[in-house]
Amino acid sequence: MMGPTASAARPPASPRRRSLLAAGMAGAAAAALRPAPAAAAGRCPWPEWDRFVEHFVQADGRVLDASTPRRHSSSEGQSYAMFFALVANDAPAFERIWRWSVANLCGGDLAANLPAWLWGLGDDGQWGVIDRNSASDGDLWFAYSLFEAGRLWRRPDYTRDAQQLLANIEAREIADLPGLGKMLLPGAEGFARPEGIWKINPSYLAVFQFQRLALESPGGPWLEIAANTVRLMDAVCPKGFVADWVAYEGTSAEQGRFALDPDKGATGSYDAIRAYLWAGMLPAGDPASLALLASLDGMARIAGSPGYPPETVQVLSGEASGSGPFGFSAALLPYLQSCGQAARADEQRARVQSLWSAALRPESIAQRQPPYYDYVLSLFGTGWQDQRYRFLGTGHVQLQWEKTCPLAATP
């Protein structure tokens, strides 16, 4: 088992948790007084985003990962691309990606349906939804990006869409776990087992999103989920590493404990790498940042010592193996910088640039599409390091183009 047993009655909030909740409430008050800026007149240069659109985004707004036999698209991929379009101030791309997502992943009915997580070439040779279950990470990135696009571009239709989606998320993807409280499930179906085990994906838990959503849904579960994310990481990272998946076991109607995932075990790899990314992006001094970086200190001890982050870590022993792809190095850029390891971040940035450039050479592209996941992680990591965006203590995103691009009225 991983971590202590949760008490029968929810314990009084710890000083760390009280600080987190207070920060969220203070941020909400500040946000209520802050007027929305005018929308920027045009895009700001981001060559890496332009190449992403060239290689991954179809004219209709579908984000294509051609590396798999099904040539699939996912809610995660669509939602990430919307966030990047916002960072690039690329409103037309944002619109196309969102409208394709509603039409194809939500069946054209956002009020009734959460986005299906997987779309592509089916066994019958037809294109369409392959798996109708939702994925809450994609759903949250959709909602987050829509709320911020509505605010920054003054698009009330995006805000309305985000509110509809958020209501569905709260109704279908949140569980009340015994002895813990509210927690985000990875999707609407299949993650709460009849025997009283809930499966949780730590890489879906981005605290800055929860802080932002709490402003839109003050009576919702988001600050509680943010605090429980801190508790989860503290409980399941005995050596400073987090697994791709963890579990929460109900030991009675009022008690529970964190545990190894019964299917995935103690391995941290391609999912888990994002947990370090999100933790590193929290603003310095945020109580959640301090707590999460302390829980996730293992990668700061070993990443870069052989020149690359490991591909796989066994979280109970701390044993690391393999060479992570260049996307792993990119994901660790905010994390290493926030841990005060700027020189090691620069070393990893050099690795990213070298391997990323190699993947974009004409001879490489002639053989295959650039590696999708590495590209996405690289946009997140290098975009943050280059200060194209920052997350504030309220969870709002602050974008470089707000300061450096000409401002005009909304088109």
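Which of rounded, prolate, oblate describes region 79-182, given a ≥ b ≥ c as roots of the alpha-carbon gyration tensor eigenvalues and a/c under 1.5 marking rounded, otherwise prolate only if a/b is larger than b/c?
Here region 79-182 falls in the oblate category.
At a Förster radius of 45 Å, what calculated FRET efficiency corresponds to the Cβ-Cβ distance of residue 354 and residue 111, to the nearest 0.05?
0.45
How big is the gap, in Å, between the Cα center of region 239-271 and the Cα center of region 286-359?
The two parts, judged by their Cα centres, are 22 Å apart.
What value, in deg cm²/dmol to 500, does the helix sum -39500 (n - 2.57) over DSSP H runs of n ≥ 4 give at 222 nm once divided by the residues of the chain?
The helix-only estimate for the chain comes to -14500 deg cm²/dmol at 222 nm.
Return a whole-number percent for the relative contact order of the chain, with Cα pairs under 8 Å and 6 or more residues apart as the contact set.
The value is 19 percent.
What label, among (i) 20.4, 61; (ii) 27.5, 97; (iii) 22.6, 83, belongs to Rg and Dmax of the Cα atoms in Å computed from the structure on display?
(i)
Rounded to the nearest 20 Debye, what is the dipole magnitude of region 298-385 about its Cα centre when Lys and Arg each give +1 and Asp and Glu each give -1 at the C-beta?
Magnitude of the dipole: close to 100 debye.
Per residue Cα convex hull volume for region 266-411, in cubic angstrom?
Each residue corresponds to 149 Å³ of Cα convex hull volume.
Could you point to the residue in 121, 136, 152 farthest towards the positive end of region 57-172's charge dipole, with +1 and -1 charges on the Cβ of Lys/Arg and Asp/Glu respectively?
152
Debye calculation, C-alpha points only, no solvent: report log10 I(q)/I(0) for region 108-149 at q = 0.24, 0.25, 0.29, 0.35 Å⁻¹, in the same order as the q values.
The computed values of log10 I(q)/I(0) come out as -0.86, -0.90, -1.01, -1.12.
Would you please give the residues with an amide H less than 5 Å from that of residue 106, counting only those at least 5 places away or on a separate chain, with H modeled from the backbone geometry?
For residue 106, the qualifying residues are 116.
Report, largest value first, the span of the C-alpha coordinates of region 45-133 along each principal axis, in whole Å.
Rounded to whole Å, the extents work out to 41, 32, 18 Å.
Pick out, from 77, 110, 87, the residue whose Cα sits farthest towards the positive end of the charge dipole of region 57-172, with +1 on the Cβ of Lys and Arg and -1 on the Cβ of Asp and Glu.
87
Quick check: net charge around residue 264, other residues with Cβ under 10 Å of its Cβ, Lys/Arg +1 and Asp/Glu -1?
Taking every other residue near residue 264 into account, the sum is -3.
Counting only C-alpha contacts under 8 Å and six or more residues apart, can you give the relative contact order of region 292-361 as a whole percent?
Value for region 292-361: 27 percent.
For the chain, give the magnitude of the charge dipole about the Cα centre (Cβ charges: +1 Lys/Arg, -1 Asp/Glu; no others), in debye to the nearest 20.
940
With a/c under 1.5 counting as rounded, go ahead and sort region 162-243 into rounded, prolate or oblate using the C-alpha gyration tensor (a ≥ b ≥ c being the square roots of the eigenvalues; past the cut-off, prolate if a/b is larger than b/c, else oblate).
Since a/c reaches 1.5 but b/c is at least a/b, the shape of region 162-243 is classed as oblate.
Return the lysines within reach of residue 182: Cα separation strictly under 18 angstrom, same-chain partners fewer than 8 residues apart disregarded; answer none if there are no such residues.
Counting by Cα, and skipping residues close in sequence, residue 182 has these lysines nearby: 199.
Values quoted throughout were computed directly from the atomic coordinates according to the rules given, and no laboratory measurement underlies them. Keep in mind it's a predicted model, so treat the numbers as computed, not measured. All Cβ positions, even for glycine, are placed from backbone atoms using ideal geometry, and neighbour counts span all protein chains on display.
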